[in-house]
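Take a look at the structure below.
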Amino acid sequence: MSAPTWHPIDSAPTDGRSILVYDPSIGIIIARWRDGGWLTAAASGMADVVPTHWMALPPRPRW
């Protein structure tokens, strides 16, 4: 299995799927692009998230 890779934020998907993003002032969080901004898993609305990189979430565990 290859190691996950961080990508520049300008190549992040904007289709609403959740991804990992890295914001230097916050760290690594789960977010998705919605209505022109980053919506975080911990916020009910748009957050002041300015990510520089993104990575796909790992697959779910198999039972």
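Structure notes:
- In region 1-27, of all residues being loosely packed, with under 13 Cβ neighbours inside 10 Å and more than 13 Å from A56 (Cβ to Cβ), the one that is modelled with the lowest pLDDT corresponds to M1.
- Within region 45-63, residues that are under 12 Å from R32 (Cα atoms) and at pLDDT 95 or above have Cβ atoms under 9 Å from residues that are among the aliphatic types (A, V, I, L, M) and not in a strand (DSSP E or B) in these pairs: P51/I9; P51/A12; P51/I26; W54/I9; W54/A12, counting only partners at least 6 apart in sequence or on another chain.
- Answer residue from region 18-37, given it is assigned to a strand (DSSP E or B), farther than 15 Å from H7 by Cβ and among the hydrophobic types (A, V, I, L, M, F, W, C) and is farthest from the chain's Cα centre (by Cα) among those: I29
The values are calculated or read from the model by the stated rules, or taken from the named source; none is laboratory data. None of the values given here were measured: they were computed from a predicted structure. Cβ: placed from backbone, ideal geometry, glycine included. Neighbour counts: every protein chain shown.
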